[in-house]
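The values are calculated or read from the model by the stated rules, or taken from the named source; none is laboratory data. From a predicted model like this one, the values you see are computed outputs, not experimental measurements. When we count neighbours, we look across all protein chains shown, and the Cβ atoms used for this are built from the backbone with ideal geometry, even at glycine. Keep in mind that these areas ignore ligands, DNA and RNA; they rest on the heavy atoms of the full protein, side chains included. Shrake-Rupley method; radii C 1.70, N 1.55, O 1.52, S 1.80 Å.
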Amino acid sequence: MPLQVNEIFFSIQGESSHAGRPCAFIRLTGCNLRCSYCDTAYAYDEGSWLEIPEIERQIRSFHCRLVEITGGEPLLQAETPELIRTLLDRQYTVLLETNGSREIGVVDERCIRIVDVKCPSSGESEKNRLENLDIITPNDEVKFVIGNREDFAYAKSIISTHLSHRNDLKPPLISPVFGRINPESLARWILEDHLDVRLQIQLHKVIWGAEKRGV
């Protein structure tokens, strides 16, 4: 069965603990959320249907062993776990960027599952599937996108109730909504509260700007 693919491109990884590394991206079509700050609305509907061997062939041309599957929401498509398994079996390091509303247990644990926990300013925080935080592994990452002080308090609450007892996990990723909140403010809040998190800036937007597609 094919997958609907919005775009495949080669760029610098802008987020996660792999930020700064060259990465091959597979952006799948479709999303079940409509976040207020969404920067990939073009992936809601646009896309071509490609079989897994063709996707892998295009990825192979980049000569890069780090691959991210993103969206939209990749787990809306039933064939996404098979695409991930195929790439893992071919010795790629695979990142999955998911909006946190879908069951991640269907995804091979060899994959680095980056689970977004939606904060209130997204308008979609009630869609969070917090049960995912009970099954994440030390291989996975959890991300919060912060638009205001309420979001920051919400992220702190989730970290305290769902993550702080897991000493084996990577520090949660905390990033500002690009153009909505000053990263300096977010950095100050983190330091004032002594949070063990990783502040991240969307590096690809710093390099190429917020409107550039395919980077």
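Scanning region 83-96 for residues that are closer than 21 Å to residue 49 by Cβ and in contact (Cβ under 8 Å) with a residue 60 or more places away in the chain turns up just one, 83.
To keep it simple, each residue is scored yes or no on (1) at pLDDT 95 or above; (2) among the acidic types (Asp, Glu); (3) not in a helix (DSSP H, G or I).
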| position | (1), (2), (3) |
| --- | --- |
| 174 | yes, no, yes |
| 186 | yes, no, no |
| 204 | no, no, no |
| 210 | no, no, yes |
| 215 | no, no, yes |
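Hey, can you tell me all the residues within region 130-152 that are open to solvent by 60 Å² or more (accessible area, probe 1.4 Å) and not β-branched (Val, Ile, Thr)? Matches in region 130-152: 131, 134, 138, 149, 150.
Conditions tested, residue by residue: (1) in a strand (DSSP E or B); (2) of a type in the set (Gly, Ala, Ser).
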site: 105; (1), (2): no, yes
site: 136; (1), (2): no, no
site: 145; (1), (2): yes, no
site: 166; (1), (2): no, no
site: 169; (1), (2): no, no
site: 190; (1), (2): no, no
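Pairing residues of region 30-56 that are small (Gly, Ala, Ser) with residues that are open to solvent by 60 Å² or more (accessible area, probe 1.4 Å), at Cβ distances under 8 Å and at least 6 apart in sequence or on separate chains, gives 30/45; 30/76. Residues in region 1-14 that are part of a loop (DSSP other than H, G, I, E, B) and open to solvent by 30 Å² or more (accessible area, probe 1.4 Å) were compared, and the one that is modelled with the highest pLDDT is 2.
Here is a list: 16, 36, 11, 61. Which entry is touching a His at 6+ places or on another chain (Cβ under 8 Å) and either farther than 26 Å from residue 200 by Cα or not aliphatic (A, V, I, L, M) (or both)?
On the way: 16 fails: touching a His at 6+ places or on another chain (Cβ under 8 Å); 36 fails: touching a His at 6+ places or on another chain (Cβ under 8 Å); 61 fails: touching a His at 6+ places or on another chain (Cβ under 8 Å).
Answer to the check: 11.
The residues of region 1-42 that are out of contact with any helix residue (DSSP H, G or I) (no Cβ under 9 Å at 6 or more places or on another chain) and β-branched (Val, Ile, Thr) amount to a single one, 40. On the given criteria, is residue 127 open to solvent by less than 50 Å² (accessible area, probe 1.4 Å), in contact with a Ser or Thr (Cβ under 7 Å, 6 or more places away or on another chain) and modelled with pLDDT of 95 or more? For residue 127, the condition - open to solvent by less than 50 Å² (accessible area, probe 1.4 Å), in contact with a Ser or Thr (Cβ under 7 Å, 6 or more places away or on another chain) and modelled with pLDDT of 95 or more - is not met. Among the numbered conditions (1) of a type in the set (A, V, I, L, M); (2) part of a helix (DSSP H, G or I); (3) closer than 20 Å to residue 16 by Cβ; (4) open to solvent by 10 Å² or more (accessible area, probe 1.4 Å), the only one that residue 195 does not meet is (2). Residue pairs whose Cβ atoms lie under 9 Å apart, separated by 6 or more positions or on different chains, with the first residue in region 157-169 and open to solvent by less than 70 Å² (accessible area, probe 1.4 Å) and the second part of a helix (DSSP H, G or I) and among the acidic types (Asp, Glu), are 162/134.
Does residue 187 satisfy the condition of being buried (at least 17 other Cβ atoms within 10 Å of the Cβ) and of a type in the set (Gly, Ala, Ser)? Spelling it out, it is not the case that residue 187 is buried (at least 17 other Cβ atoms within 10 Å of the Cβ) and of a type in the set (Gly, Ala, Ser).
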